[in-house]
1. Where does region 30-131 land on the Kirkwood hydrodynamic radius, alpha-carbon pairs, in angstrom?
2. Please work out how much length the chain gains when fully extended from residue 126 to residue 98, using 0.36 nm per residue of separation minus the C-alpha to C-alpha distance, in nm with one decimal.
3. Which of the peptides 88-94, 100-106, 5-11 is most tightly packed, and how do the rest follow, going by the mean number of other Cβ atoms within 10 Å of each residue?
4. Please give the length that would be gained between residue 47 and residue 6 if that part of the chain were fully extended, namely 0.36 nm times their separation in residues minus their C-alpha to C-alpha distance (nm, one decimal).
5. Roughly how many nanometres apart are two label points built 7 Å out from the Cα toward the Cβ at residue 54 and residue 70?
Ligand SMILES: [Zn+2]
């Protein structure tokens with residue numbers, strides 16, 4: 001049974017994210033998890049961009065080649081990106097001259113969802129004492 005860390009009231013199942021007794025925010029609501037996920041994905045893309053996506057994917061391809069392709073005697077084509085895939089790849093991970101717009105968008109979306117989550121939390125906190 002979960003207990004509120006502030007007032008030690010036992011929390012019923014499905015109480016939401018706010019303690020019904022004292023209004024303490026106990027759980028992180030789904031919208032905040034979504035915001036954190038988007039931010040994490042955006043920063044992951046930013047990290048990939050700083051270490052160079054081509055280097056990372058080339059290294060990954062080398063790993064796959066060494067672990068899977070060679071023991072099975074396969075001879076796959078070398079790692080190459082063409083056409084639309086290359087455009088998408090450059091958009092998401094950036095190039096040495098272009099920032100990773102996909103990552104920038106993910107971070108921006110994460111911040112926006114985080115703000116929305118903050119509003120939801122504040123409403124939940126404000127509504128808790130009256131509904132309890
Ligand atoms: Zn409480």
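Read-outs throughout are calculated quantities, based only on the coordinates presented, and are distinct from any laboratory measurement. The shown structure was predicted, so the numbers you read here are calculated from the model rather than taken from an experiment. Virtual Cβ from ideal backbone geometry, glycine too; neighbours counted across all protein chains shown.
1. Values: mean 1/r = 0.0615 Å⁻¹.
Kirkwood radius, region 30-131: 16.3 Å.
2. Values: separation 28, 0.36 × 28 = 10.08 nm, distance 4.43 nm.
5.6 nm is the gain from fully extending residue 126 to residue 98.
3. On the way: 88-94: 17.3, 100-106: 19.0, 5-11: 12.4.
Going from most to least packed, we get 100-106, 88-94, 5-11.
4. Details: separation 41, 0.36 × 41 = 14.76 nm, distance 3.76 nm.
Full extension from residue 47 to residue 6 adds 11.0 nm.
5. The modelled label-to-label distance comes out at 2.4 nm.
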